[in-house]
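Q: Next up is a structure, given as structure tokens.
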Amino acid sequence: MSDRGSYTSMEKVIDESKQGDSLVLDQKEGNKRKLFIESYGCAMNFSDSEIVASIMANQGFNTTQKLEEADLVLVNTCSIRDKAEQTVRKRLEKYNAVKRDHNPKMKVGVLGCMAERLKTKFLEEEKIVDLVVGPDAYKDLPNLLAEVDEGRDAINVILSKEETYGDIAPVRLNTNGVTAFVSITRGCDNMCTFCVVPFTRGRERSRDPQSIIEEINDLWNKGYKEVTLLGQNVDSYLWYGGGLKKDFVKASDIQKATSVNFAKLLELCALAQPKMRIRFSTSNPQDLTLDVVETMAKYYNICNHIHLPVQSGSNRILKKMNRLHTREEYFELIDNIYQIIPDCAISQDMIVGFPTETEEDFQDTVSLMEYVKYHFGYMFTYSERPGTMAGRNMEDDVPEPLKKRRLAEIVKLQQEHSGQRIKEHLNTVVEVLIEKESKKSNLHWSGRTPQNTVVVFPKEKYKVGDLVDVKTTDCTTATLIGEAVGYSKNN
Ligand code: SAH
Ligand code: F3S
């Protein structure tokens, strides 16, 4: 990957973010204590950390980038694969060393999915940990902190059926001042058999659309130019006054008539700020409806990119994964998307080596990729997660070297497809929202097209946050290179 991959993939953020360097714009005056907060895993975790920072600001904490001076360290953790958990364990060792050598007063709290998964085990296994807080319990932080201040360990891992943090204005961490995440749903009801998320983040809830629009308006007023609506499964967004989606059947006629689904929410967002770029992530193929795609087509400011993980191209494996569609239905969806939005970028997540995956199953994944020719994607070897359906009932029987070989094969294939896709935009004029200086040259800007392709070009008179038309002249497999030809008419 070049300057930067995709913000909209929940996963990619792991690799791209500079963990721990939390640059905060709105430090609260008078706050004396120092919080070091870092996030691992999906975009939702990064977004949650902004909510936590906001709660902590009201408890007298401003953030710091120096571990050595922190009164409190909070690490927002990921459980999606074993490797993600190992990374967090290593960070705890680091905190231990810093506490021992430089900062004996430092307290350490674990947030997020590992906190939820391991619960009190964390306090037993990791002596450094004083505080364990699950994803739905952040509002309890003030009480938990009081316990810790009195020298006791504290824990709250209760999952909620209502909490959406819709009433909390996030403190933007690590911000470029141009793009921001806005969370719209929490939890997931899909129960893919490999996935730990339904266990760590609980039942799916949707956030009040009013509070979403208010957050977008507020971001626009602060100079932001792009938001990414976040959820594990955005297409199942449904607001009818609060409550679980499954209880919608019991809702009153008025609630039903005034309910807001994802297509409607997208429209509300697009209309609220017609110049704000709107992205969303992630879509599950079984829940993505064509009215969403039609809404995307209708509003220019909704970006033409869908992150549409499929996980496997084999019907047999899809079924074992509890993904509720077939490869044929997926192809039909892809055909429909390209028909409604011919220049839509589509990206994937793929898992190789799911239990019982044969060479034939794997070849189905290869041929599915050949059919779609994704613009980009994130590929993983299967990692067994304790407590999931697959973890409990299926043997992790594909040998590691075979998983690695299959992974290498589809990564190479994806690179070829990305290379082909990016060439479609070569020698054209693309619209770029400038986000930051290019990593490779301080004379160049880096930004993205609506399709989420990174574009690098000479800075000239332009500045961060400008929407610029760029004539593309060259490319790598992940980055377009060009020259600005003027401000976009949408600037
Ligand atoms: N709906 C979520 C998915 C979260 S997990 C979203 O918004 O992105 C992100 C990706 O991690 C999944 O799409 C899947 O490809 C991968 N993944 C999840 N569980 C996994 C496991 N047990 N082993 C390997 N990869 C996994
Ligand atoms: Fe996981 Fe499937 Fe939900 S991948 S987050 S259970 S859509």
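Q: Given Lys222/Lys275; Lys222/Lys471; Lys440/Lys461, which pairs have Cα atoms separated by over 24 Å? Each step should come with its number before you reach the end.
A: Values: Lys222/Lys275 14 Å; Lys222/Lys471 29 Å; Lys440/Lys461 19 Å.
Listed pairs above 24 Å: Lys222/Lys471.
Q: Along the charge dipole of the stretch 7-156, pointing to its positive end and built from +1/-1 on Cβ of Lys, Arg, Asp and Glu, which listed residue (Asn103, Gln86, Gly41) has its Cα farthest out?
A: Positive-most Cα among the choices belongs to Asn103.
Q: To continue, here is another question. For every other residue with a beta carbon closer than 11 angstrom to the beta carbon of Pro209, add +1 if it is Lys or Arg and -1 if Asp or Glu, then tell me the sum. Mind showing how you got there, number by number?
A: Working: positive: Arg207, Lys264; negative: Asp208, Glu214, Glu215, Glu267.
Within the 11 Å Cβ shell, the charges total -2.
Q: Report, in listed order, any pair from Lys66/Lys463; Lys403/Lys439; Lys121/Lys403; Lys119/Lys245; Lys32/Lys107; Lys99/Lys127 with a Cα-Cα distance greater than 21 Å. Could the numbers behind the result be given before it?
A: On the way: Lys66/Lys463 30 Å; Lys403/Lys439 33 Å; Lys121/Lys403 31 Å; Lys119/Lys245 27 Å; Lys32/Lys107 15 Å; Lys99/Lys127 12 Å.
Over 21 Å apart, Cα to Cα: Lys66/Lys463; Lys403/Lys439; Lys121/Lys403; Lys119/Lys245.
Q: Then there's this: I'd like to know which of Gly387, Tyr165, Phe199 lies farthest towards the positive end of the charge dipole of the chain, counting +1 on Cβ of Lys and Arg and -1 on Cβ of Asp and Glu.
A: Tyr165
Q: For the stretch 179-421, compute Rg over Rh where Rg is the Cα radius of gyration and Rh is the Kirkwood radius from the inverse mean 1/r over Cα pairs.
A: Values: Rg = 18.8 Å, Rh = 19.1 Å.
Over the Cα atoms of the stretch 179-421, Rg/Rh equals 0.99.
Q: Report the relative contact order of the chain, percent, no decimals, based on alpha-carbon pairs under 8 angstrom and at least 6 residues apart.
A: Worked out over the chain, it gives 11 percent.
Q: For the stretch 139-232, with only Lys/Arg (+1) and Asp/Glu (-1) charged at the beta-carbon, what is the dipole magnitude about the Cα centre, in debye rounded to 20? Please report the intermediate quantities before stating the final value.
A: Values: 11 positive and 15 negative charges, 72 e Å.
Magnitude of the dipole: close to 340 debye.
Q: Oh, and also: If Lys and Arg each add +1 and Asp and Glu each add -1, what is the summed charge of the other residues whose beta carbon sits under 12 Å from the beta carbon of Gly112?
A: On the way: positive: Arg117, Arg201; negative: Glu38, Asp48, Glu85, Glu116, Asp136.
Computed value for this residue: -3.
Q: Using a 1.4 Å probe and counting only protein heavy atoms, arrange Thr388, Thr164 so the residue with the most accessible area comes first.
A: Values: Thr388 0, Thr164 25 Å².
Output order, biggest surface exposure first: Thr164, Thr388.
Q: Wrap a convex hull around the Cα atoms of the stretch 130-249, take a quarter of its surface area, and give that in square nanometres.
A: Details: hull surface 36.7 nm².
Over every viewing direction, the Cα hull of the stretch 130-249 projects on average to 9.2 nm².
Q: Just read off the accessible area of Arg406 with the full protein assembly in place, 1.4 Å probe, to the nearest 10 Å².
A: 10
Q: Considering the dipole of the chain built from charges on the beta carbon (Lys and Arg +1, Asp and Glu -1) around the Cα centre, which of Val293, Val260, Pro135 is farthest to its positive end?
A: Working it through, the farthest residue towards the positive pole turns out to be Pro135.
Q: Can you give the relative contact order of the stretch 165-297 as a percent, counting alpha carbon pairs under 8 Å and 6+ residues apart? Mind showing how you got there, number by number?
A: Working: 207 pairs, mean separation 36.2, N = 133.
Rounded, it is 27 percent for the stretch 165-297.
Q: How large is log10 of I(q)/I(0) for the chain at q = 0.07, 0.11, 0.12, 0.14 Å⁻¹ when the intensity is taken from the Debye formula with one equal scatterer per alpha-carbon?
A: These q points yield log10 I(q)/I(0) values of -0.37, -0.96, -1.16, -1.54.
Q: A further question on this structure: How many angstrom lie between the C-alpha centres of the stretch 117-132 and the stretch 33-66?
A: Value for the Cα centre distance between the two parts: 19 Å.
Q: Taking the Cα centre of the stretch 29-154 as origin and charging only Cβ (+1 Lys, Arg; -1 Asp, Glu), how large is the dipole, in debye to the nearest 20? Display every interim value, and only then the final one.
A: On the way: 20 positive and 22 negative charges, 71 e Å.
It works out to roughly 340 debye.
Q: Now, a different point. Under 10 Å from the Cβ of Leu433, count the other residues' Cβ atoms, weight Lys and Arg +1, Asp and Glu -1, and hand me the total. Display every interim value, and only then the final one.
A: On the way: positive: Lys225, Arg277, Arg448; negative: Glu226, Glu431, Glu435, Asp466.
So the surrounding residues net to -1.
Q: If you place +1 on the Cβ of every Lys and Arg and -1 on the Cβ of every Asp and Glu, how big does the dipole about the Cα centre of the chain come out, in debye to the nearest 20?
A: Details: 66 positive and 73 negative charges, 158 e Å.
Here the chain has a charge dipole of around 760 debye.
The values are calculated or read from the model by the stated rules, or taken from the named source; none is laboratory data. This structure is a prediction, so every number in the text was calculated from the model and none was measured. With ideal geometry, Cβ positions are generated from the backbone for all residues, glycine too; neighbour counts draw on all protein chains shown. Ligands, DNA and RNA are excluded from the accessible area calculation, which covers all protein heavy atoms including side chains. Shrake-Rupley method; radii C 1.70, N 1.55, O 1.52, S 1.80 Å.
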